[in-house]
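Report on one structure; see the data block that follows.
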Amino acid sequence: MRNLKLHRPIAFIDLETTGVNIASDRIVEISILKLYTGYTSQTHTARVNPGIPIPAEVSAIHGIYDKDIKECPTFKQQAPALAIMLEQCDLAGYNSNKFDIPLLVEEFLRAEVDFSVQDRKFIDVQNIFHKMEQRTLAAAYKFYCGKTLENAHSAEADVVATFEVLQAQLEKYEDLKDDVASLHTFSMNSDYVDLAGRIVRDKKGIEVFNFGKHKGKPVAEVFKSEPSYYNWMMDGDFPLYTKRVITMLRLKAFNK
């Protein structure tokens, strides 16, 4: 078996949540599979009291109900220990670049716990899978591992399956490099400036909006010609990390 080459630990992450809105939804369960350079591993799974109700249609998917987590600690209470566990780790998951990592960063920001994603590598197993085969996690598990995914939408089952799928991908595709940096480049949305993809870089490397009436327009130019758009975004239902990015871009434009 071709193992993943590690220069530092990597943490596979899976979240069960109250919904799919990165800015407003919350974590109800988190599972982390931390793989060390010596290829030993550590698994941590915890339920989280989100502080808001879980919609019935969401509970029907992952099987976690309000009564199951009402006595659990909040994310803010668990955040310091989670940050320590994830310190100096690259991050991986299934659809993690678009969902798990952005939402996790939002939770850390809300908890006021410093958790930087700078200089980390991200591996999104779903992106690798979609580029190679176009499937879901359950289908990926069946396709690559030849097994049926039991307890799908259980965070721990999903995170373990994701790691096994990556291992199988490395085995199947000889031209798929087995180091974290290469897999980061292959699975990353390299044009994203913020984690949610609201701000992207165009072909010239300029930060532009990726949504709404100003889609494709440079952020700096819009904020200069329409300053109220910045205020609208800061007051709106955008992820905290997106707000941090536009603030940095605005300050950068002012300092030029």
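Which pairs, out of K34/K70; K121/K204; K142/K203; K76/K256, put more than 29 Å between their alpha-carbon atoms?
K142/K203; K76/K256
Which of Y230, G216, T242 sits farthest toward the positive end of the charge dipole of segment 199-254, with +1 on the Cβ of Lys and Arg and -1 on the Cβ of Asp and Glu?
Towards the positive end, the residue furthest out is G216.
Taking other Cβ within 10 Å of each residue's Cβ, how do I84, I13 sort, fewest first? Mind dumping the intermediate values first?
On the way: I84 9, I13 25.
So the residues, fewest neighbours to most, are I84, I13.
Considering only the chain, what is the antiparallel percent among its DSSP beta bridges, to the nearest 5?
On the way: 20 of 29 bridges.
Of the beta bridges lying entirely in the chain, close to 70 percent run antiparallel.
What is the extension gain from S225 to Y39, computed as 0.36 nm multiplied by their sequence separation minus the C-alpha to C-alpha distance, in nm to one decimal?
Values: separation 186, 0.36 × 186 = 66.96 nm, distance 5.29 nm.
Difference between extended and current length: 61.7 nm.
Rounded to the nearest whole Å³, what is the per residue volume of the convex hull around the Cα atoms of the chain? Don't skip to the answer; put the middle values down first.
Numbers: hull volume 36.9 nm³, N = 256.
Each residue corresponds to 144 Å³ of Cα convex hull volume.
Over the Cα atoms of segment 131-256, Rg to Rh with Kirkwood Rh, two decimal places? Could the numbers behind the result be given before it?
On the way: Rg = 19.7 Å, Rh = 17.5 Å.
Rounded to two decimals, Rg/Rh equals 1.13.
How big is D for segment 199-254, in µm² s⁻¹ as a whole number, if Stokes-Einstein is applied with the Kirkwood radius of its Cα pairs at 20 °C and 1.002 mPa s? Walk me through the numbers before you get to the answer.
On the way: Rh = 11.3 Å.
It comes out at roughly 190 µm²/s.
Post the alpha-carbon centroid distance, segment 190-256 to segment 119-163, in whole angstrom.
Using only Cα atoms to place each centre, the spacing works out to 32 Å.
Using a Förster radius of 35 Å, what is the FRET efficiency between T148 and N3 based on their Cβ-Cβ separation? Nearest 0.05, please.
Values: r = 25 Å, r/R0 = 0.70.
Computed FRET efficiency for T148 and N3: 0.90.
Local charge sum around Y141 (other residues, Cβ-Cβ under 15 Å, Lys/Arg +1, Asp/Glu -1)?
Values: positive: R135, K142, K147, K172; negative: D14, E133, E150, E156, D158, E164, E171.
Cβ neighbours under 15 Å give a net charge of -3.
Using 0.36 nm per residue of separation minus the Cα-Cα distance, give me the extension gain between A60 and V20 in nm, one decimal. Show your work: numbers first, answer last.
On the way: separation 40, 0.36 × 40 = 14.40 nm, distance 1.45 nm.
Stretched out fully, the A60 to V20 stretch lengthens by 13.0 nm.
Rounded to the nearest 0.05, what FRET efficiency do E174 and I84 have when you use their Cβ-Cβ distance and R0 = 30 Å?
Working: r = 37 Å, r/R0 = 1.24.
The calculated FRET efficiency here is 0.20.
Bear in mind these aren't lab numbers, they're just calculated from the coordinates by the rules spelled out. Since this is a predicted model, take the numbers as computed values, not measurements. Please note: Cβ atoms are built from the backbone with ideal geometry, for glycine as well, and neighbour counts cover all protein chains shown.
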